[in-house]
Amino acid sequence: MEQTYAIEMLNITKRFPGIVANDNITLQLKKGEIHALLGENGAGKSTLMSVLFGLYRPEEGVIKKDGQVVEIKDPNDANALGIGMVHQHFKLVECFTVLDNIIMGVEPCKHGFLQKAEAREKVMALSEKYGLHVDPDALVEDITVGMQQRTEILKMLYRDNEILIFDEPTAVLTPQEIEELMQIMRNLAAEGKSILFISHKLNEIMAVADRCSVLRKGKYIGTVDIKDTTREELSRMMVGRDVEFVVHKEPARPGKTILEVEDMTVASKSHSNNAVKNVSFNVRAGEIVCIAGIDGNGQTELVYGLTGLEPLKGGKITLEGQDITRAPIRKRNTMGVSHIPEDRHKHGLVLDYTLEDNMVLQRYFEPEFVSKAGFLKRKAIRDYAERLIGQYDVRSGQGPVTIARSMSGGNQQKAIVAREIDKDPELLIAVQPTRGLDVGAIEYIHKQIVAQRDAGKGVLLVSLELDEVMALSDRILVMYEGEIVGELDPKTTTVEELGLYMAGAKREGA
Amino acid sequence: MKEQKRSLLRNNAVQSLMASLLCILIGLLVGYVVLLLINPAGASEAIVTIVKNFMTYSRRNAQLKYLGSTLVKTAPLLMCSLSVLFAYKVGLFNIGAAGQYVVGAGASLYCALAWNMPWYVCLLAAIVAGAALGAVSGLLKAYCNVNEVISCIMLNWISLYMVNTLLTQVKEETSPYTLTLSSTNPGALLPALPSFCMSWFNNNQYVTIAIPLSVLVAVAIWVLLEKTKLGYELKATGCNKFAAKYCGMRENKNLILTMAIAGALAGMGAAMLFLTGFEQWQCTQSSVPGMGFNGIAAAFLGGLNPLGSILSSYFIQHITNGGAYVDKTMYSAQISDFISALIIYLCGFVLFFKFALNNWLNRWDEKKAAKAAESEEKGGKAE
Amino acid sequence: MILLLQYTLIFASVLVLVALGGCFSEHSGVINIGLEGIMVMGALGGALMMKFLPDSTPAFLMILLVVLAAILLGMIYSLLLAVAAINFKADQTLVGTAMNLLGTAAATVFVKAMNTAESVDNVSSTIQYINAKKAFLVNIVGFEFNWFMLMALIALVVSYVVLYKTRFGLRLMACGEHPQAADSVGINVYKMRYAGVLISGLLGGLGGIVYITAGVSEWKFENGVAGFGFLALAVMIFGQWKPTRIALAALLFGFFRALGNVYTGFAFLKAMNLPSSVYNMLPYIISLIVLAFTSKKSRAPKAEGIPYDKGQR
């Protein structure tokens, strides 16, 4: 007998210039089940969901609902088919009430006037039925992230959606809220809703899902029943057995302490919890310390705190014996902190400037590049840029005068790496230095980072890629929910174990 | 050959020039249509008059003299446009150039008429007053988060009334105008150009060092923006304030400094007009002088380039003066204001124009690349 | 004293109307700096209607037609902003500024051409409407009630209801706060923004005609509306984009503006012997001070001024 599925995505292939984001992927969601979609960052999960939501058209493959082939051209089609989604970044109007947000787009009306009493009844009924506690009259900006998420869920239920997609729903929740969410999801499934749960936190998947499909690097790895599998097996499926990048490096010879962080706390911009909670660690000369963890666990804020982009709420930072807790950014930079930022377009480059002007972004004020009268030494800048371009193999259309915006992502990143490394820092902070780059560029940047370590610099690497963490680091600190939950030695640990720490399934001293 | 043409089209300066010319063309065209609607009989003549300006005089001497007069008013306009574009490069919209111009006029005239100061002190006073007013907007933006456009507008009106009150003390008894410099304090008049230059303008007495000075300032602003550390910092802040913060630049300081410099430029522009004796301040005027607003037009029409501003300021002033020559029995001089306002409006579309042009060029290139790849593939197979 | 009240109310009416106009536009996500130009256009439409309607027109018809003319011209003119800002993603500040300059220039050119056509010697930009204006006034024991005051009150109530009680208002505000969220639930952001800008044209145009009939019987169009559009923007910011608070702010600003007209009627103010320009400056100074203290915790619509691009989700 043929199984009927609520939704089926069959042999979906989606290509972007130069990359196959989804390579012949099949995903079948049974009615009333919780189906997890597991994969690392860049595995192709969001592309697949965008296809389902009508944001992208796939090159190959079909989508079926209840066995019928359907066409989804835009999000409205998806809505009409009863597909709803809780986006990772909530789509809520902050100055509206919960109720207004829920009904927006499908407001019950009489002659254009809102009939909120009617809406409120329906919302309250739904809220009771599924245990989704919300205050319908509270403003979204005043409520907790958990309640915001429940609002998003109610938004789907209010529209009578049958297929509910949760995109990384636990990334911003507290453990208690996560537990609540799990219960809500079970309730929803019990009522016949079909749930697609996108995550890379293994223990959550183990706790709540019925089945799990795994993607890796755009390819479909397989689907398993949760009751027949283990965390370790899922982890292996997600990460892959073989480490793709082999970086040749000598054992580390750590020297004096370069960076000392004590009890650092940084507030969060997106929720009321602190993003970084009482974190202490150090980085010594000649070692690569890697902060591993899943996106959104406080790594970004940690780096902002270290570099001065955000003020600290508490704690102390010492660089080579000097207290830099309150030092301005320029001071930190000139004292020997280099920072390869997470977002190269937001922080790393002035996109409308030429390549050469970007090359001196951290040094333009030094006597080498500016005369006493305040004039830039154009020739010196050109020579310097040309040297970096040659030495670090930065390719661009017109050399030093290329506008940064017109360069490829890989070469933009190489330019930043060149600039930050050539500053000859004591401490190199590199945040996801290889994100979105091709293999060649990744290899190159990895070599540069190791070379810095061998030259006796301290390197703090923040990465979401397990391969990268394993290949490069001398010490691994795992961050989970703003805390460092474990310090691991890459030589003795396994990818599986690391995955367990990152997913919060394991922590030191617990 | 075609290849060359397209890469020329991709050049930013060429695109800006094309866009500006297009704005002028459409502006004049619509102006012409409006003239036609008002009175078809004289429309062609009127639009030609506007474009010809001083060339409508048949005598060469008169032409030279009124060329001089156009230039006298181009200098302050250029300064105002520099003020606007300088702030815009740092991401600020200095609609307050008009008010900074007003306080510049007030400070310079008061120093000249009440205190009998020499011209250079008056000029300096105008610069300081403009800078101070600009800095107020900068401070309000940096520390109180007040949108610079709104604060500038309020300050425009406040400065107008303040200057009116201040200059009433030095006005003529029988008219609302301030005393003339030539009768009260000739020492405050800006020095004339060397005599051989004066003959170029048929010894127009209002032609002073203000004209070359404003061009020099334009070049200086260009140098400041393009060649100095300060310009590098300010532009970086304007283009991407996050990157500016990342590399340790101080946003608030740059913001206030920018507005102060912009204010100084506009204030100086006012002194460059009123210290020539070409005009007196009317102490009862009830609207902010249009010079600062025309500066916006000139700045955008000049492609936000100080050197382009020299040309565009001249053009705007040229047609404004030209408007004065249209047949008053049919049309009003404000037709020129209308055309320049229209040109500002059209400048809003420049970005879109460039974007569309680049898109078109990209598609063209892609198509060609695809074709090339195809033929190469075929060629490869044939071998 | 009654005169002060009367002027306060009529100037407050102008400010309420125009500020509400700005409020609708900004709630939809488009910054409308061009309100000043829209006011001029509305004023022009109304003034022309008053000029050309025979004095014998019944008062009701007169009011209706004048208001319609002002509204219509204001709305048509606001399309300039809508097209540039919504379809062509132009810099909204630049376009608004251009509209202010263009409004005054166009009105001047037009009125001068009209006057000159009537009599060759008349090159002024003034329109008179001494008799027609009487239709708007009702004398209630010394207090000159103006029907526009009632209209402003109605506009206030209607705006409040539309923004907070209707589907349209909810959707409009969503577009100014979080257009991506609005789009994700099937709301057409472009359409809502057009609606917001057009309503600001409507209210701005109406405000324009109220302004030029407040206290005077002729208007010189060369002067535009003397920064009143910007005062209205200040009122809107001070009113935190909320109709009720806008009304209070408008009363406050209207009071200071009225003082300039009637301060000579108060012995103690006259005794202080301040130059009249002090009173002229007062509304602007007050608004600047008020803005300095209230802008830090501004509740401006979050997405205002940012062109919406459907492609960037």
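The values are calculated or read from the model by the stated rules, or taken from the named source; none is laboratory data. On a predicted model such as this, the values are computed, not experimentally measured, just so you know. Methodologically, a virtual Cβ is constructed for each residue, glycine included, from the backbone with ideal geometry; neighbour enumeration extends over all protein chains shown. We work out accessible area using only protein heavy atoms, side chains counted, and drop any ligands, DNA or RNA first. Shrake-Rupley method; radii C 1.70, N 1.55, O 1.52, S 1.80 Å.
Placing unit charges on C-beta atoms (Lys and Arg positive, Asp and Glu negative, everything else neutral), compute the dipole magnitude of chain B about its Cα centre in debye, rounded to 20. Working shown, then result.
On the way: 27 positive and 17 negative charges, 167 e Å.
So the magnitude is around 800 debye.
Relative protection proxy for C:217-225, B:26-34, from highest mean packing down: C:217-225, B:26-34 (other beta-carbon atoms within 10 angstrom). Label sites at B:Ala324 and B:Gln205, each approximated as a point 7 angstrom past Cα along Cα to Cβ, lie 1.6 nm apart. Mean-square fluctuations from a GNM of chain C, with a 10 angstrom spring cutoff on Cα atoms, peak among C:Val189, C:Val123, C:Val235 at C:Val123.
In the protein assembly as shown, taking the dipole from charged Cβ atoms about the Cα centre, the farthest positive-side position among C:Leu153, C:Ser217, B:Tyr110 is held by B:Tyr110.
With a 1.4 Å probe and all protein chains in place, put A:Arg332, A:Arg387 in order of accessible area, largest first. Walk me through the intermediate numbers first.
Numbers: A:Arg332 10, A:Arg387 110 Å².
From most exposed to least exposed: A:Arg387, A:Arg332.
Give the cross-link partners of A:Lys30 among the lysines, using a straight C-alpha distance below 17 Å as the criterion and excluding same-chain residues fewer than 8 apart. Output for A:Lys30: A:Lys64, A:Lys65, A:Lys193, A:Lys227. Cβ-Cβ distance of B:Leu351 and B:Ala114, R₀ of 45 Å, FRET efficiency by 1/(1 + (r/R0)^6): the value works out to about 0.45. How charged is the neighbourhood of A:Glu386? Take every other residue with its Cβ under 12 Å from the Cβ of A:Glu386, and add Lys/Arg as +1 and Asp/Glu as -1. Here the charged neighbours net out to +1. Student exercise: in region A:399-510, how many lysine pairs 8 or more apart or on different chains have Cα atoms under 23 Å apart? Close lysine pairs found across region A:399-510: 9. In the assembled protein chains, B:Ser83 presents an accessible area of approximately 0 Å² (probe radius 1.4 Å).
Shown is the FRET efficiency for C:Met114 and C:Leu137, computed with R0 = 30 Å from the Cβ-Cβ distance and rounded to the nearest 0.05: 0.70.
Helical runs assigned H by DSSP (4 residues or longer) give the protein assembly as shown a calculated mean residue ellipticity at 222 nm of -17500 deg cm²/dmol, each run adding -39500 (n - 2.57) before division by the residue total.
What is the sum of charges around C:Gly204, taking Lys and Arg as +1, Asp and Glu as -1, for the other residues whose C-beta is under 14 Å from the C-beta of C:Gly204?
Numbers: positive: none; negative: C:Glu26, C:Glu36.
Cβ neighbours under 14 Å give a net charge of -2.
Taking 41 Å as R0, compute the FRET efficiency from the Cβ-Cβ separation of C:Val83 and A:Gln68 and round it to 0.05. Could you put the intermediate results ahead of the total?
Values: r = 43 Å, r/R0 = 1.04.
According to the calculation, E is roughly 0.45.
Please give the charge dipole size of region C:74-188, origin at the Cα centre, charges +1 on K and R Cβ atoms and -1 on D and E Cβ atoms. Round to the nearest 20 debye.
Details: 7 positive and 6 negative charges, 60 e Å.
The calculated dipole for region C:74-188 is roughly 280 debye.
Here the Debye sum runs over all C-alpha atoms of region A:311-446 as equal scatterers in vacuum, and log10 of I(q)/I(0) at q = 0.12, 0.13, 0.14, 0.21 Å⁻¹ comes out as -0.50, -0.58, -0.67, -1.29. Measuring how big chain A is from its alpha-carbon positions, Rg and Dmax come out at 24.9, 85 Å.
Per residue of peptide B:138-145, the mean number of Cβ atoms on other chains within 10 Å of the residue Cβ is 3. Within the assembled protein chains, the solvent-accessible surface assigned to C:Tyr190 is about 70 Å², based on a 1.4 Å probe.
Any idea what log10 I(q)/I(0) is at q = 0.06, 0.07, 0.08, 0.10 Å⁻¹ for the protein assembly as shown, Debye with uniform C-alpha scatterers and no solvent? For the protein assembly as shown, the Cα-only Debye profile gives -0.60, -0.81, -1.03, -1.42. Taking every DSSP beta bridge that has both ends in the protein assembly as shown, the antiparallel portion is near 60%.
Normalised by residue count, region B:63-305 yields a Cα convex hull volume of 121 Å³ per residue.
Here region A:373-510 is described by how far its Cα atoms reach on the three principal axes: 60, 31, 26 Å, from widest to narrowest. Build a GNM of chain B with springs between Cα atoms under 10 Å apart, and of B:Lys367, B:Lys229, B:Lys89 the one that fluctuates most is B:Lys367. Under 19 Å of direct C-alpha separation, and excluding same-chain neighbours fewer than eight residues apart, C:Lys112 reaches these aspartates and glutamates: B:Glu45, B:Asp327, B:Asp337, C:Asp121, C:Glu218, C:Glu222.
Bridging of B:Lys368 to lysines at a Cα separation below 19 Å is possible for B:Lys2, B:Lys5, B:Lys378, once same-chain residues fewer than 8 apart are set aside.
Backbone amide hydrogens, once placed in the peptide plane, bring B:Asn94 within less than 5 Å of B:Tyr88, excluding anything fewer than 5 places away on its chain.
Placing B:Phe242, C:Phe145, B:Phe355 in order of accessible area, with the largest value first and a 1.4 Å probe, yields B:Phe355, B:Phe242, C:Phe145. For region C:135-145, the Karplus equation 6.51 cos²θ - 1.76 cosθ + 1.60, evaluated at θ = phi - 60°, returns couplings of 4, 8, 9, 10, 8, 10, 5, x, 8, 8, 6 Hz by residue, with Gly and Pro reported as x. With a 10 Å cut-off around each Cβ of A:344-350, the average count of Cβ atoms from other chains is 5. Pairs exceeding 20 Å between alpha-carbon atoms, taken from A:Lys45/A:Lys219; A:Lys331/B:Lys245; B:Lys52/B:Lys73; A:Lys45/A:Lys129; B:Lys89/B:Lys141: A:Lys45/A:Lys129. Across peptide B:208-221, the mean count of Cβ atoms from other chains lying within 10 Å of each residue's own Cβ comes to 0.
About the Cα centre of the protein assembly as shown, how large is the charge dipole given +1 on each Lys and Arg Cβ and -1 on each Asp and Glu Cβ? Please answer in debye to the nearest 20. Intermediate results must be reported in sequence, preceding the final value.
Numbers: 111 positive and 106 negative charges, 574 e Å.
Computed about the Cα centre, the dipole is about 2760 debye.
Legend: distances between Cα atoms for A:Lys116/C:Lys297; A:Lys91/A:Lys201; C:Lys89/C:Lys302; C:Lys51/C:Lys134; C:Lys51/C:Lys220; A:Lys116/C:Lys242; pairs beyond 19 Å are A:Lys116/C:Lys297; A:Lys91/A:Lys201; A:Lys116/C:Lys242.
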